[in-house]
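Report on the following structure.
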Amino acid sequence: MPEGRNAEFVIRPATDADRVQAAKLMAAVAEERDGIATEPPVDIEESAAAFNPAGIFLAEADGQIVGSLNVAVSRFGFGEIGTWVARPWRGRGVGSALMEVGIEWAREQGLHKLSLGVFPHNAAAIALYQKFGFVEEGRRVKHYRRTSGELWDSVEMGLLL
């Protein structure tokens, strides 16, 4: 299993023991209402119960999960990426470290491609994905209905492995 190390944090595969902490991180990022599709309220217990550690890598600092990357493997040979990083840890290399490990793992699994969707206003995430070779493949117009009633686009990006 790939792992990564940094002076401030470690990247490691998720385990069943991470269920609640991972759900709490996702809920915290959802509270921001602008970076991921999930919006509050997030049912921590329900999210923790649905947690499947396969293909999930976590960034951990001082015993706390500060970032997550999930590669959901399709039966068609590609993986769909979902990722989030706690606000205080953004811009500190967590996203890059997670992407490195996730891409390496996807290659080890024999996947031929990784894909993801990102909101067009999320410039930092788009720059991160482009740094790793992801390219824009299209846009889903007014794809996500937000609790505010707004309809947000999704930029679809892919990386051939």
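With the structure loaded, tell me whether GLY102 is surrounded by 13 or more Cβ atoms within 10 Å (Cβ to Cβ), modelled with pLDDT of 95 or more and in a strand (DSSP E or B) or whether it fails that test.
Answer is no for this residue.
Applying the selection to the range 142-161, what residues are over 21 Å from TRP105 (Cβ atoms) and in a strand (DSSP E or B)?
LYS142, HIS143, TYR144, ARG145, LEU151, TRP152, ASP153, SER154, VAL155, GLU156 - these are the residues of the range 142-161 that are over 21 Å from TRP105 (Cβ atoms) and in a strand (DSSP E or B).
Is it the case that the range 133-141 has a residue that's assigned to a helix (DSSP H, G or I), surrounded by 11 or more Cβ atoms within 10 Å (Cβ to Cβ) and touching a Gly at 6+ places or on another chain (Cβ under 7 Å)?
No, that holds for no residue.
Using the structure shown, decide if LEU114 is within 15 Å of GLY158 (Cα to Cα), in a strand (DSSP E or B) and of a type outside the set (Lys, Arg).
yes
Looking at (1) at pLDDT 95 or above; (2) of a type in the set (D, E, K, R); (3) more than 14 Å from the chain's Cα centre (by Cα), which is the only condition GLU80 fails?
Unmet condition: (3).
The values are calculated or read from the model by the stated rules, or taken from the named source; none is laboratory data. Predicted model only: the values in this text are computed from it and were never measured. Glycine also receives a Cβ, built like all others from the backbone with ideal geometry; neighbour counts cover every protein chain displayed.
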